[in-house]
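Everything below concerns the one structure shown next.
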């Protein structure tokens, strides 16, 4: 399995000989041309948005221009002294290169996991900002800290702020802002992207001990939530042992608020947790998991009143207060939360869906900066929430077997909006994979000084990093707390109207019994339960809950990512006509292969998904003037309408995608001249 591994970057010292931008950029061009000729296990790509990014289409022309400039003239300037950091950089330039006189350049590889680690949120059902998988966002994380000029830094911040608050009127304007952000980030040449590495991970497909197919992520590879939900054993597809190996030993604490931050932890949490939305494996989108949402349509730019009885948590306490009259929002989403049972047998309820909001606002005071930062986005966006009703849903598993469970319907009002409804819905959904009583237990443990949620705060305070699984001393104290809470029927104050003392006592009793049986307090609502562990191994057991709302095969469309190509493009003056080829899946028993065929022949395939032909039109000045999806043309093609373009010259970027697979598309660039 191939995924994006790391960026190879060169950081140029903005002081001394390279203080002036023209001199610095000329030195960067010399360096890029030199490194382009060095072969190795990396890809030369002097642009921060890569083919592994779903937004590569929008940047393709600029990435191509950046490569041509890097391979062009030598450029002038002072001699360079390259300081290699890390194994890859040392292989490329040698260990002696950093000695002697000259301007300082640091060459290093920065891993995608290292870059995105602080952005990943494990709190409740939230998994990170909606743009976490876009290339422009990682370009910002990679390059913005190195922008040295105050004016340039302010300009970068202004564009970034518009993107992350949805401050644009159309999809084309949003794409133009993304391109403008990357252009501003790269203009000063303080840090330049040289290329990237590809992470390659192996799995066994042998019959019968191997796996039939797996889903993986374009950034995380097999270390991703989609993997654990799609991997299928060849011999016994849903019953048997799946053995996984992780390169590094586990080092992070196992707590669901600010733990599980290393590779082993992320993999374990992908199985124990169950986010509201999953990151789409081969695009920047989101896949509904434990929640469904509907964005309410409204007139453009019209203010959206928030009902006075809608609730908003109070900063510092999390108490749910009415927003009162006069509050407005930019978007309204209606969620239906799909509940079920937790590992300790507790039946989840409305309180479990609301408690992440409470926790996010309770920790807004910065007493743990990592938790405050991780929950900043929902606090900034949330304008109010209103419980509409709690529906009763009955699932039939045959004539004599039924299961009934609750489905809260909740309106969430947001201060900002985004062009993509699914991305918008992922910001602050009402769901948590961790029941309220487990989160409340850990919250109280931290407040009593038993430990800290994050590694940084634990180090600052000189206490343990909270681990309710492997820390024996902590578990002894947690048992006492659970007994105390059970006797008192303890309910956190913000949930008092939603949970009775009797219901709370039942929760605490169940958690105590669970801890006595399994030896830990991490009872979640995820598809796997933590069974046992040693310093070197972890055993997870499938949690078979009839109330689990997702059936077997829910994500079967992801393990075999298919591609499509523009086989022929004709410019007809007022339109482009595109004929397409597409991958067909050829299966034999439990093996498969992909065969390229014309789209018109592939439509007869079982489970066929018609590709989408996306286009971006850029004018002679580099501005995006139009973007969208081409209209279908017959059984095997598409039409891009050019009639609305003004007179002039344009570049039309085309790519075809099957399903959500936007990784490494074959992009066609058409030069078009509009004459009328």
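Values quoted throughout were computed directly from the atomic coordinates according to the rules given, and no laboratory measurement underlies them. The structure presented is a predicted model; accordingly, all values stated were derived computationally and were not measured. Glycine also receives a Cβ, built like all others from the backbone with ideal geometry; neighbour counts cover every protein chain displayed.
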Worksheet item: Taking neighbour Cβ counts within 10 Å as the exposure measure, how do 537, 337, 417 sort from fewest upward?
Response: 537, 417, 337
Discussion item. Run lengths n ≥ 4 of DSSP H only: what is the helix-derived mean residue ellipticity at 222 nm for the chain, with -39500 (n - 2.57) per run over all residues, to the nearest 500?
Written reply: -8500 deg cm²/dmol
Worksheet entry | Projected label distance in nm at residue 74 and residue 367, using a 7 Å step from Cα toward the beta-carbon | 6.4 nm
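Using 0.36 nm per residue, how much length does the chain from residue 587 to residue 200 gain when fully extended, once their Cα-Cα distance is taken away? Walk me through the numbers on the way to the answer.
On the way: separation 387, 0.36 × 387 = 139.32 nm, distance 2.44 nm.
Fully extending the segment from residue 587 to residue 200 adds 136.9 nm.
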Worksheet, complete the sentence: Distance in Å, no decimals, from the C-alpha centre of region 463-484 to the one of region 515-557 is 21 Å
Practice prompt. Grab the Cα-Cα distance for residue 403 and residue 542, subtract it from 0.36 nm times how many residues apart they are, and report the gain in nm with one decimal.
Written response: 48.1 nm
Worksheet entry | In Å, descending, principal axis extents of the Cα set of region 263-542 | 57, 57, 44
Worksheet item: Which value results when the Cα radius of gyration for region 2-199 is divided by 2.2 N^0.38 Å?
Response: 1.03
Fill in: Dmax and Rg, reported as Rg then Dmax, of region 201-247 (C-alpha, Å)
10.4, 29
Fill in: Label point distance in nm, residue 247-residue 15, each placed 7 Å from Cα along Cα→Cβ
3.4 nm
Worksheet entry | Cα-based helix-to-principal-axis angle, 263-272 vs the chain, degrees rounded to 10 | 50 degrees
Worksheet item: Which angle from 0 to 90°, rounded to the nearest 10, does the C-alpha axis of helix 350-362 make with the longest principal axis of the chain?
Response: 60 degrees
Worksheet item: So what does the Cα-only Debye profile of region 276-342 read at q = 0.12, 0.15, 0.19, 0.27 Å⁻¹, as log10 I(q)/I(0), no solvent term?
Response: -0.51, -0.77, -1.02, -1.09
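Among 154, 437, what is the fewest-to-most ranking by other Cβ atoms within 10 Å? Each step should come with its number before you reach the end.
Working: 154 10, 437 30.
Placing the least packed residue first, the sequence is 154, 437.
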Worksheet, complete the sentence: The simple spin-label model distance between residue 396 and residue 500, using points 7 Å out along Cα→Cβ, in nm, is 3.2 nm
Worksheet item: If you rank 232, 395 by fewest surrounding Cβ atoms within 10 Å, what's the result?
Response: 395, 232
Worksheet item: Can you give the Rg and Dmax of region 564-674 based on its C-alpha atoms, in angstrom?
Response: 15.5, 56
Discussion item. If you fit an axis through the alpha-carbon atoms of helix 472-488 and take the longest principal axis of the Cα set of the chain, what angle between them do you get, 0 to 90°, nearest 10?
Written reply: 50 degrees
Worksheet, complete the sentence: All alpha-carbon distances of region 606-652, grouped into 10 Å bins from 0, give the whole-percent distribution 24, 45, 22, 8, 1
Fill in: the chain: mean projected area of Cα convex hull, nm²
33.3 nm²
Worksheet entry | Residue-span extension gain [residue 577 to residue 422] - 0.36 nm each, minus C-alpha spacing | 52.8 nm
Item to complete: Kindly state, as a whole number, the per residue volume in cubic angstrom of the convex hull around the alpha carbon atoms of region 166-299.
Response: 198 Å³
